[in-house]
1. If eta is 0.890 mPa s and T is 25 °C, what Stokes-Einstein diffusion coefficient results for region 61-169, Kirkwood Rh from Cα pairs, in µm²/s?
2. Taking a spot 7 Å from the Cα of Asp91 along the direction of its beta carbon, which residues of region 103-133 have an amide N less than 17 Å from it?
3. Run through region 106-173 and list the GluC sites (Glu not before Pro) located in a DSSP loop whose Cβ has at most 11 other Cβ atoms within 10 Å.
4. Taking amide H positions as placed 1.01 Å from N in the peptide plane, with prolines and chain starts having none, which residues 5 or more places from Met104, or on another chain, fall under 5 Å of its amide H?
5. May I ask for the net charge around Thr85, where only other residues with Cβ less than 14 Å from the Cβ of Thr85 are counted and Lys, Arg are +1 while Asp, Glu are -1?
Amino acid sequence: MSKRPQPKPLSIAPLVIGGVLVVALLGFAFWRMSRPPADSTSTQQTADSTQPAAAPGGDPDVARAAMPRITVEQLRDRLSKNEVTLIDVRDADAYMQSHIAGAMHIPLARIDGEIPYLPKGKPIVTYCTCPHDEAAADANMILNHGGIAEAYALKGGLHAWQNAGLPTQAGEK
């Protein structure tokens, strides 16, 4: 009687090693994506030189606070000379209710996808109605990451513009 050859038992070692490598690579990829670009601090020039520069990979609140700001007076002067592109980063309902005349409406969630279509050659000013301009600063961080070096948040946002007695409009444009 002849014996049938017995199959060799499968070794799970290659599967375990492969799994560990996949997990390590995914972990590295997520870690790498969460870090800001190495040159992100070199492009942050402030309208107010008293603002501190953000530390790469640091606290998001610190990074927001370090984003350059522009005052209502500076914005009014630069708008009158058509020297800036103005973007309202609030939701559509808020924009339709009241916004600064001439402002483009690009909600914060869409800012990244609109970077290629933004006018080139002029600084960008973003605004919101957050207490510390958080959404506008977040938009500027996204713009900086997308290659737009000169972006400012309107200090005090729409409320500061209105408190200065400057005009707003309702509706689409």
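1. 181
2. Inside the label zone: 105-111, 128-131.
3. Taking region 106-173 and a limit of 11 other Cβ atoms within 10 Å, the loop GluC sites (Glu not before Pro) found are Glu172.
4. Leu86, Ile87, Asp88
5. Local charge sum for Thr85: 0.
The numbers here are math on the coordinates, done by the rules we state, and not lab data. Here the structure is a predicted model, which means the values were calculated and not measured. Glycine gets a Cβ as well: all are built from the backbone with ideal geometry, and neighbour counts include every protein chain shown.
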